[in-house]
Amino acid sequence: LQDQLWTSINGDNSLLNTMKILDGFGSSVEASEKESEEFTKLLARIWTSNVWKDSLNPASSIRGDLDATLISMMMHITQCKWRFDGGELPMEKLLLPHVNLIRKGSFFKPKPSFALIFAVHTMLMSIFELQGDGDIFRIRDVAKNSFDRFMSQAGEHLESDIPCHSKRNSLLKFITDTERVTEKSDDADFDKAYPMMSEELHDLLIWNPLSAGQLLAYTNICLSLEGGFHAMTLSSDLSTVLHVYNALKYHELVDDDLPLLADIDRYFEKTKCIWNGWDKPEQGKFVYRLHLSMGATNEMAIYAQDRAAGEKPAKKPTYSHAKIERTRQTSKRVSTTIDPAEVSLSYRRYCQHDFKVTNKMLEEGRQHQGLDLHKPLKIDPKDPFPIPWQIHEARTRLLFASILDDFDSRLLKYNMVAVGTVFSQFLYDTFHPDSNEHIAKYEAKLKASGASDVRGDLRSFVNCGISDAILASLDYDPDPERFHYLGEAFEEFFYSLDLDRVGIFEGLDL
């Protein structure tokens, strides 16, 4: 690490080289010349000449023809031909922080800012560290394909005939709209705008290893987990599926190792939103716990359970939306949103910067693919590395270990936004009014009562109501075997599911 740091300061890949190139470029170009013939001639002169004299350059060389690549790949951003209209792109600071710095600093002052220099330099170093057998463009292709795959999966529900809850619809549109950060401007004429540059180099502004890695990390951890979990809970589809699945498993009416569903069931088994932080309910508590998971107060959930048992409670508890909201915010057991930190350690490390180490980790002393969790915790004041560097190394090791753990459990291999679409489809196919006259009558009754005018919102009410009735029967019916058909519906759907619909990375086994 020390050698690499010294090289970045005073060696072939010196930050000073990048600073000089930007400084020279910025001092030679006026804003009025950016679209002019003189500007094109200037670029041509820089492209074909030896820009820096040895007497002015402290480094012995510029590895990888850094100056030509910088001019050909990076400086065209001064023309703002990527999708840039003077305003902020959605979540650009989080998705592509270095590209955002370049866009902000693209109109040079007499001296470029250090932030701009740093952004350009780190991008270029990520490229020149990978000058092997097509590694740069291989990484570019993998990253682009994975990002496009994620966005295509995330938008599937919006393009399908499956009813979509209005809140889920809004969130899916927000998630898929972040794709704009990688798009080119509609009015960009590539041949005229970049006469001396290949389109491959143009793409490396976004898809260089550094920016591509940041983009995919944010997409696959933040958008998939935080965005995906939130999208699944907005319509109660996740809670509905898992509660019915649990009741069927209790009565041994369904396989307990279904593809995808068994994993999702395992990830959320201790979450406050689905199971209230308790163990999963047994017979006699199915309805009560379903209502708690949907945000009901304790009194409301008990009332629903008593009705399921055939009792006639003396008084229906009064409630208001304000009271329910207070309960959600203050109760240790009631929540209608999933905190990804409950499920994913890598989310805690990467997104929340939580590097606490649990006693369980210390007791196990486990190793994961050579990453020893003990080693990072030992900060040695006598070590030549400064203590802040040792702390950074410790946190890096903990982050890598948590990512590998979440990969082994397949959590980071799933697109959780797409998983929500699959669950919505399963409920729509299973509780479809065309296949059951009782469901059709119930849906018509809800619609007539004015429960909702939005098709997706109405379906959410139907799913919850039908699930409540099924769980009531599985709580108290003396013959639960009559729901064997429902277990078969679960098995038929999930065994035949194409897992490519929910897998983030093409070719990875799920």
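Modelled this way, with points 7 Å down the Cα-to-C-beta line, the labels at Ile387 and Asp479 are 7.4 nm from one another. Here the peptides 266-277, 204-215 are ranked by packing, the mean other Cβ count within 10 Å, and the order with the highest first is 204-215, 266-277. On the beta carbon distance between Thr396 and Asp135, with R0 = 30 Å, the FRET formula returns roughly 0.85. Label sites at Arg410 and Ala309, each approximated as a point 7 angstrom past Cα along Cα to Cβ, lie 3.8 nm apart. Rolling a 1.4 Å probe over the protein heavy atoms gives region 468-509 an accessible area of 55 Å² per residue. Let's test the formula: R0 of 41 Å, r as the Cβ-Cβ distance of Asp354 and Lys441. What FRET efficiency results, to the nearest 0.05? Efficiency at R0 = 41 Å is approximately 0.25. Loop-resident GluC sites (Glu not before Pro) (DSSP state other than H, G, I, E or B) in region 408-510 with no more than 12 further Cβ atoms inside 10 Å of their Cβ: Glu506. Using the Cβ-Cβ distance between Glu282 and Lys316 with R0 set to 41 Å, the FRET efficiency works out to roughly 0.95. Highest average first, the peptides 141-150, 218-227 ordered by how many other beta carbon atoms sit within 10 Å of their residues are 218-227, 141-150.
The values are calculated or read from the model by the stated rules, or taken from the named source; none is laboratory data. As the structure is a computational prediction, the values presented were derived from the model and not from experiment. Note that each Cβ is placed from the backbone with ideal geometry, even for glycine, and that neighbours are counted across all protein chains shown. These accessible areas exclude ligands, DNA and RNA; they are computed on the full protein's heavy atoms, side chains included. Shrake-Rupley method; radii C 1.70, N 1.55, O 1.52, S 1.80 Å.
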